[in-house]
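Contents: one structure, followed by commentary.
Throughout, read-outs are computed from the coordinates displayed, never taken from laboratory work. All of these numbers come straight from a predicted model, not from anything done at the bench. Using ideal geometry, Cβ is built from the backbone for each residue, glycine included, and neighbour counts are taken over all protein chains shown.
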Amino acid sequence: YRELVKYAPAGIYEVDYETNLFKSVNETLCVYTGYTREELLNTNFYTLFTEDSQKLITERLEKLIAGENVAQLVEYCMRTKSGEKLWILLNTQYIYEEGKLKGATGIVYNITERRKAEEALKESELKLRTIYNSTAEGILVVQIQGKNFVQANKAICEMLGYTEKEILKLRVSDLHPKESLPYVVNEFYKLVKKEKVIAHDIPVLRKDKTVFFADVSSSPISLAGEECLIGIFRDA
């Protein structure tokens with residue numbers, strides 16, 4: 001069992017809550033943190049964690065002492081010896097003696113690469129959303145089957161005079177004069193079938209019932225399993 005713990009592919013430790021010092025650590029935790037075993041055994045448990053994670057740990061312990069249930073698996077952020085962030089998924093088992101919380105054993109899974117990928121994705125999405133909402137061209141995403149709108153950028157809201165929430169309650173037929181609908185629907189399906197790249201002079205109905213004409217280019221896109229069309233509107 002000692003050999004199993006020592007070389008397990010996850011960090012394993014035991015901590016004493018009276019001193020906040022590690023009582024034992026395995027080799028994998030040393031590799032994760034960059035500290036030697038001797039250094040960790042002389043390190044305050046809390047100092048390995050970032051300030052935000054320290055607060056989370058303290059809050060959890062307060063709830064435990066108060067008799068509340070807490071989640072067993074929690075994500076925290078540690079600092080390695082070199083100062084780099086180490087994101088972990090921590091599985092904690094608490095140790096009680098005569099009903100008093102004395103310490104804990106923890107199994108540490110390194111999820112740093114996953115968190116980096118998630119943060120990179122969020123950053124990319126933020127950049128794309130910034131471009132999406134700052135472009136001067138109106139953008140609408142519509143379901144091909146039901147012709148319901150599922151996304152609208154700031155520019156198209158300003159063009160139409162609707163809020164985004166209002167647009168998402170509308171369908172294609174609500175944004176065009178009734179007499180023009182046969183033409184609009186015909187052009188819509190030409191765009192869907194890629195028979196056209198741009199539909200010119202499409203009459204668009206604003207909220208105040210005035211009409212403007214737009215050149216609309218589009219591309220097919222799949223959102224949450226729904227086949228959609230993303231349309232870019234330029235005021236002609």
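Couple of notes before you dig in:
- Fully extending the segment from Q143 to K209, taken as 0.36 nm per residue of separation minus the present Cα-Cα distance, adds 21.4 nm.
- Relative to the longest principal axis of the Cα atoms of the chain, the long axis of helix 51-65 lies at roughly 70 degrees.
- In region 133-236, GluC sites (Glu not before Pro) in a DSSP loop with at most 12 other beta-carbon atoms within 10 Å: E195
- Nearest 10 degrees, 0 to 90: helix 112-134 Cα axis against the chain principal axis: 30
- For region 1-120: lysine pairs under 25 Å (alpha-carbon distance), excluding those fewer than 8 apart on one chain: 20
- Estimated inter-spin distance, E51 and E123, nm [label 7 Å along Cα→Cβ]: 2.2
- Full extension of the segment from S180 to R79, taken as 0.36 nm per residue of separation minus the current Cα-Cα distance, would add 30.0 nm.
- Pairs over the 22 Å Cα-Cα cut-off, from the set K165/K193; K127/K147; K154/K196; K127/K154; K165/K194; K169/K209: K165/K193; K127/K147; K154/K196; K165/K194.
- Sum of -39500 (n - 2.57) over DSSP H runs of 4+, divided by residues of the chain (222 nm, nearest 500): -9500 deg cm²/dmol
- From phi via Karplus (6.51, -1.76, 1.60), per-residue ³J(HN,Hα) for region 141-156 in Hz, x at Gly/Pro: 10, 10, 6, 5, 6, x, 6, 8, 7, 10, 8, 8, 8, 4, 5, 5
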